[in-house]
Amino acid sequence: RASVLELARELKQPASTVRLRLKLLEKNRIIEGYGAQIVCEKLGYQTHKLILFTQNMTPEKKSKLYTYSQQHKNVIWIIEVVCQWNFELTCEFENTEQLRQTIIDLRTEFADCISDIETITVFNTYLKYNLYPINAATKKK
């Protein structure tokens, strides 16, 4: 998060003006909070996207996949996409063994609906954690 002085310098405005405007934005709930931008690699983690190709995905199985993702310690978020694949899981792993084990678990747990899993290693990531947890996405069904 940039300091008020840094913002003021960049906006070429007095710090008191920037501070007042930020307070008004917060009061009017235009700004609801602040998040952290974390460099995962500096913490010893590597970010990977797991690309899931699915078939015969019922609403019950989809709900089970969202629950699995919400409870898995390495899954940061899951999104459903409209393209050649169906879901993307963004994960952080300390080593390739954790990645391998997660893929095995997914293939075992969802053997009847995951037809293929591809992985993409993401380099130099700055993950922006927001104040809205992963389970907020699962409640919009």
Selection within segment 44-67 - open to solvent by 70 Å² or more (accessible area, probe 1.4 Å) and on the phi > 0 side of the Ramachandran plot: Asn56
Qualifying residue in segment 43-59 (condition: out of contact with any His (no Cβ under 7 Å at 6 or more places or on another chain), among the basic types (Lys, Arg) and within 19 Å of Phe110 (Cβ to Cβ)): yes
Tabulated pairs, segment 13-27, first within 15 Å of Ala2 (Cα to Cα), second among the aliphatic types (A, V, I, L, M) and not in a helix (DSSP H, G or I), C-beta under 9 angstrom, 6+ apart or interchain: Leu22/Ile31
Residue list for segment 68-99, restricted to those being in contact with a helix residue (DSSP H, G or I) (Cβ under 8 Å, 6 or more places away or on another chain), closer than 16 Å to Cys113 by Cα and crowded, with 19+ Cβ neighbours inside 10 Å: Phe87, Leu89
From the options Glu32, Glu10, Glu41, residue that is more than 30 Å from Phe93 (Cβ to Cβ), touching a residue at least 40 places away in the same chain (Cβ under 8 Å) and surrounded by 10 or more Cβ atoms within 10 Å (Cβ to Cβ): Glu32
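The values are calculated or read from the model by the stated rules, or taken from the named source; none is laboratory data. Computed from a prediction, not measured in an experiment: that's the story for all the values here. Heads up, the Cβs are rebuilt from the backbone with ideal geometry, glycines too, and the neighbour counts pull from every protein chain shown. Please note that ligands, DNA and RNA were not included when accessible areas were found on the heavy atoms of the full protein model with its side chains. Shrake-Rupley method; radii C 1.70, N 1.55, O 1.52, S 1.80 Å.
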